[in-house]
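Undergrad: Provided herewith is a single structure, encoded as structure tokens, for subsequent inquiry.
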Amino acid sequence: MTIPIMTIRFPDWVEPFLASSPRTFPTPLERMGFVIQLSRLNVCHGSGGPFGAAVFGRDGMLIAPGINLVASSNCSLLHAEMVALACAQQALGRFDIGDGGRVACDLYASTEPCAMCFGAIPWSGVSGLVCGARDRDARAVGFDEGPKLSDWVGALGRRGISVERDLLRHEACSVLREYATKGGVIYNSGPTAARRNRVSKEQT
């Protein structure tokens with residue numbers, strides 16, 4: 001057996017987009033706007049799902065972007081938040097983004113985290129999470145967000161991770177709807193996926 005090599009490879013449009021973007025985003029609205037633009041471009045270019053994310057320093061410095069690469073990479077792990085966290089850890093050269101609490105960094109996500117991404121957040125070292133669209137907005141277009149704690153916001157808070165929700169929610173939701181309208185792949189897996197996907201297509 002040949003052991004496969006796992007590489008996170010961004011599509012070609014990402015590098016020029018980053019080159020034309022500022023390195024620092026002074027306000028939360030600007031940071032979320034950047035993340036939503038990532039999600040929108042991912043849809044426009046057909047390179048992945050309608051989700052974007054990024055890790056920022058508290059000064060607004062962009063540390064690492066993330067986009068959903070599940071279908072294009074054939075890897076269910078590559079949600080936008082997971083990509084952003086992994087790239088931030090590589091950029092900083094440490095698995096603990098917060099460096100033992102000495103550095104405050106925030107994860108911005110165009111949509112609230114699914115069960116997998118929620119699970120990764122406490123181990124990543126980020127100090128805060130800022131979300132655009134709600135979990136139910138993603139479910140409304142057919143995505144399966146998994147069995148997440150009902151009080152997931154409180155659970156993160158008890159670990160010292162702040163959560164802000166609904167920042168530019170309308171704009172983030174428009175990307176989800178655009179993806180569904182264009183017939184984007186709803187890449188749920190498992191025995192009930194076919195039924196969920198069929199219902200989603202009927203609704204759109």
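The values are calculated or read from the model by the stated rules, or taken from the named source; none is laboratory data. Here the structure is a predicted model, which means the values were calculated and not measured. Positions of Cβ are generated from backbone atoms using ideal geometry, with glycine treated the same way; all protein chains shown enter the neighbour counts. For accessibility, only protein heavy atoms count, side chains too; no ligands or nucleic acids. Shrake-Rupley method; radii C 1.70, N 1.55, O 1.52, S 1.80 Å.
Undergrad: Which members of the stretch 20-46 meet the condition of being within 16 Å of Ile186 (Cα to Cα), touching a strand residue (DSSP E or B) at 6+ places or on another chain (Cβ under 7 Å) and either in contact (Cβ under 8 Å) with a residue 60 or more places away in the chain or outside any helix (DSSP H, G or I) (or both)?
TA: Ser39
Undergrad: State all residues of the stretch 47-59 that are part of a loop (DSSP other than H, G, I, E, B) and farther than 28 Å from Asn188 by Cα; if no residue qualifies, say none.
TA: Restricting attention to the stretch 47-59, the residues satisfying the condition of being part of a loop (DSSP other than H, G, I, E, B) are 47-51, 58-59.
Within the stretch 47-59, Arg58, Asp59 qualify.
Undergrad: When you scan the stretch 93-100, do you find a residue that is open to solvent by 40 Å² or more (accessible area, probe 1.4 Å), among the small types (Gly, Ala, Ser) and more than 21 Å from Arg40 (Cα to Cα), even just one?
TA: yes
Undergrad: Let me ask something else about it. Scanning for something within 28 Å of Ile186 (Cα to Cα) and not in a loop (DSSP other than H, G, I, E, B), does the stretch 94-105 turn up at least one residue? Don't jump to the end; show me each part of the working.
TA: Here is the first cut: in the stretch 94-105, the ones within 28 Å of Ile186 (Cα to Cα) are none.
Scanning the stretch 94-105 turns up no residue that is within 28 Å of Ile186 (Cα to Cα) and not in a loop (DSSP other than H, G, I, E, B).
Undergrad: Any chance the stretch 142-165 includes a residue that's over 21 Å from Ile63 (Cβ atoms) and in contact with a Ser or Thr (Cβ under 7 Å, 6 or more places away or on another chain)? Break it down into steps so the answer makes sense when it comes.
TA: First, the residues of the stretch 142-165 that are over 21 Å from Ile63 (Cβ atoms): 142-155, 157-158, 165.
Still in the list and also in contact with a Ser or Thr (Cβ under 7 Å, 6 or more places away or on another chain): 142.
Yes.
Undergrad: Continuing with the same structure: Scan the stretch 113-158 for residues that are of a type in the set (Lys, Arg) and touching a strand residue (DSSP E or B) at 6+ places or on another chain (Cβ under 9 Å) and jot them down.
TA: Our first condition is that a residue be of a type in the set (Lys, Arg); within the stretch 113-158, this holds for 134, 136, 139, 148, 158.
Arg134 - this is the single residue of the stretch 113-158 that is of a type in the set (Lys, Arg) and touching a strand residue (DSSP E or B) at 6+ places or on another chain (Cβ under 9 Å).
Undergrad: With (1) under 16 Å from Arg31 (Cα atoms); (2) open to solvent by 10 Å² or more (accessible area, probe 1.4 Å); (3) touching a residue at least 60 places away in the same chain (Cβ under 8 Å); (4) not polar (S, T, N, Q) as the list, and Ala104 as the residue in question, which single condition is left unmet?
TA: Single failed check for Ala104: (3).
Undergrad: So which of Gly146, Gly154, Gly160 is surrounded by fewer than 18 Cβ atoms within 10 Å (Cβ to Cβ), assigned to a loop (DSSP other than H, G, I, E, B), at pLDDT 95 or above and among the small types (Gly, Ala, Ser)?
TA: Residue meeting the stated conditions: Gly160.
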